[in-house]
Amino acid sequence: MIEIFKKSKMLKIKDLYKNLLLNIIHRLSNCYRKLNKNSVLSNTQGFEDFTPIILDAKDDKYSDIIKYAIENTNTKNVALTGPYGSGKSSILKTFESKFIDYKYLNISLATFDEKEHQLKEIEYCILKQLFYKVEQNKIPESRFKRIVNQKNIKIKAIFIFLWLISLTYFFKPTLLNEITKILGCDFYSKIGNIIYTLYLLGGTIYFLYKTMGFILNFKLTKLSFQDAEIQNGDDKKSVNFESEIDEILYFFERNHFNVVFIEDLDRFKNTEIFIKLREINYLINNYDPIKNKRKITFIYAVQDDTFKEDERAKFFDFIVPVIPVINYSNSSTELLENIDIENDSIPKSFIKQVARYLSDKRTLISINNEYKIYKNIIGNDLDKRKLLAMMIYKNVEPTDFDNLNSQKGYVYSVFNESYNLIKSSIDTIDKKIIKNNTEIQRSKDEMIQDVNDLRSLYILKAFELLNEPIQNAVKSIEINNSQFSITQLLTDANFVLFSKLIKINFYIFNSYHGRYDIQNSNISFKTLEAELGQYSERLEAIENKKSTKINQFKKEIEILEIEKQVLRTKKVKDIVTGVYLQKCLDSLEAKESINVKEIIDGKEIIITKENTIYYKIQNIELINYLIRYGHIDDSYSHYIFHFYPGTLIRQDNYFLQSLTYHNP
């Protein structure tokens, strides 16, 4: 039993030392991180992040202008206007780092959907960022409460316990004397009395302070007594600017911010929020506790098209226009500076061509980063131009790129349908080859060598069929009320007339009257062709025998076979057209049934209608360019997947790639 106790004791001591050691290591690592937080990161591949940067003195053209607007007592609402990606956030960050004597409050809102947002939703987002910016103890009287991370709970518990003991001293002062006598500490009884008294007073004052804070912030919403109910209607307000104006004023009174940066507010497509913020700014700057100490300036980073032509000057007191750093004319420089096109064998002309479609700096940075990552992981033996093209496609059309991985979407449709297009072309060639072989074989099978012999065959067959019922009484054929003998029918013009007869009528000699009478028949020239074959085909076979047509057929077959081989090795870029690409895009349209309420004859009726869902490609011209010039081709899978050894060894995969690329 003693041994078990000793082992248990030893395990507890080991756990204690282990936890102590881990705690020391954790604290040392935190100290190390703090000491090295400003150290330069290892970035040998030249990655960039999307966050705003601090501009150097050469590029910082706006800080002095913004400072003028802030120092100007008349300007309280300042706009920094420029297109998306023009560097507005970097300008604000540069100003904040340059002028540290101001106290800044940053509010950044963003939305990525296209639906309209209610004004109250936007106001709530702003208030949330406002009050969660500072610690709770900086706005103790605020009604906006949050979860507080309580620290040193054990120490607080000890102090509360001691305060409770001091209460017993208050109710029974002799208790302390009795304890000191028991412990033999009579000498310290007076000092203990003073400490206990001070501790009791201090604890009581702190308790009253906390109680008063709770009472002042306590709000009664509903109080029920059986069937009776008392309700505070004022407390059912929604959280927005109008209902929380006192909270906003209190916030700025307690926190000495004098510059407020508001970004991305224009993405909500709601200009009414700017009116609200202008009103808030006016109230703050005219609130005496704030007005007598400082001016608060709101600086908005917005796009130029947020307001109509004459609205901007109404909303703002001062406007600072931002000239974009990156646009269609110079975006190629961003790519050229970050990609080693010489070592990667990427044509400069390709960079300049695709850059015409790219103007957003964040997108360019993302393309550079992802190109380098893909290159290091799977791109050692790949065409770097095609890899860069795939990264451009991935960043400008991420949804379609994701669909490509699932064998769906626009680009997949282009390559998938190209196989059907090539197959259709090969089928057409095969039909021509079959036709030529048929002509050659027909010429070989045709026994008659002369055209007149062929005509005689059809004419004699007509006489044979006509003579069967009347025993060789037919003397001639009637055409346009004229008689034609066998010899006459052999001429070109007469045989053409003969071949068009729907009913072949003929003449027989009437010995009683001594004349030729016309007799009708149901036999036509087609009846003769049913017996002897198509005249035109047999005529063509005879003519082919006499000429070099058979050799022409053979040469044409050889040419067609070569065309088939070429088609099989053709790339998509060689066969696609604008019509074909549009057809691929249209094929992705989908239909959905929606129920629509309509009022007919005063009655509400639900009608099911068919709605067309169009597949969206925002950068269709860029994607079509990459496909039509072969920068993205049917080898795309090599550029988006790992090659894992398995059914094919790596050399076999490279060999198949070389066949695809037509490399030796």
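The values are calculated or read from the model by the stated rules, or taken from the named source; none is laboratory data. Just so we're clear, the structure is a prediction, and the values are computed from it rather than from any experiment. We place every Cβ from the backbone using ideal geometry, glycine too, and count neighbours over all the protein chains shown. When the accessible area is computed, the model is the full protein with side chains, heavy atoms only, and any ligands, DNA or RNA have been set aside. Shrake-Rupley method; radii C 1.70, N 1.55, O 1.52, S 1.80 Å.
Three semi-axes describe the equivalent ellipsoid of the range 507-633; taken as square roots of 5 times the Cα gyration tensor eigenvalues and ordered largest first, they are 63, 39, 9 Å. For the range 314-464, the normalised intensity computed at q = 0.08 Å⁻¹ comes to -0.50 (log10 of I(q)/I(0), Debye sum over alpha carbons, equal scatterers, no solvent). When all protein chains stay in place and ligands, DNA and RNA are ignored, the 1.4 Å accessible-area order of CYS584, CYS125, largest first, is CYS125, CYS584.
Among ARG568, ARG146, the sequence by solvent-accessible area, most first, with a 1.4 Å probe is ARG568, ARG146. Most tightly packed first, judged by the mean number of other beta-carbon atoms within 10 Å of their residues, the peptides 347-354, 270-277, 51-58, 91-98 read 91-98, 270-277, 347-354, 51-58.
Shape analysis of the range 433-522 yields a ratio of the Cα radius of gyration to the Kirkwood radius, Rg/Rh, of 1.11. Return the carbon/sulfur percentage of the accessible area of the range 410-459, one whole number, probe 1.4 Å, all protein chains in place. Carbon and sulfur together cover 52 percent of it. Within the assembled protein chains, the solvent-accessible surface assigned to THR44 is about 130 Å², based on a 1.4 Å probe.
Whole angstrom only: what separates the Cα centroid of the range 283-321 from the Cα centroid of the range 384-436? Cα centres, the range 283-321 to the range 384-436: 53 Å.
Pairs from the table (LYS431/LYS545; LYS88/LYS384; LYS98/LYS308) lying more than 28 angstrom apart at Cα are LYS88/LYS384; LYS98/LYS308. Modelled label positions at GLU558 and ASN152, each set 7 Å beyond Cα in the direction of Cβ, lie 10.0 nm from each other. Computed from label points 7 Å out along Cα-Cβ, the spacing between LYS269 and ASN23 is 5.7 nm. Highest mean packing first, where packing is the average number of other Cβ atoms within 10 Å per residue, the peptides 241-251, 365-375, 495-505 line up as 365-375, 241-251, 495-505. The largest accessible area among TYR419, TYR357, TYR636 belongs to the first residue in TYR419, TYR357, TYR636, and the rest follow in falling order (1.4 Å probe, all chains).
Legend: P(r) of the range 384-504 from all alpha carbon pair distances, 5 Å bins from 0, whole percents, reading 2, 8, 11, 10, 8, 7, 6, 5, 5, 5, 4, 4, 5, 6, 6, 5, 3, 1, 0. Peptides 428-434, 294-300, ordered by how many other C-beta atoms sit within 10 Å of their residues on average, highest first, read 294-300, 428-434.
Spin-label model, GLU121 to GLU540: label points 7 Å out along the Cα-to-beta-carbon direction sit 7.0 nm apart.
Which of rounded, prolate or oblate describes the range 357-412 when judged by the alpha-carbon gyration tensor and an a/c cut-off of 1.5? Cα axes put the range 357-412 in the oblate bin. Take TYR124: with every protein chain present and a 1.4 Å probe, its accessible area is about 110 Å². The Rg/Rh ratio of the range 329-391, with Rg taken over Cα atoms and Rh as the Kirkwood radius over Cα pairs, comes to 0.93. Distance between the C-alpha centres of the range 61-110 and the range 613-630: 38 Å, rounded to the whole angstrom. Note on the range 549-596: Kirkwood radius taken over Cα pairs, Stokes-Einstein applied at 4 °C and 1.567 mPa s, translational D equal to 89 µm² s⁻¹.
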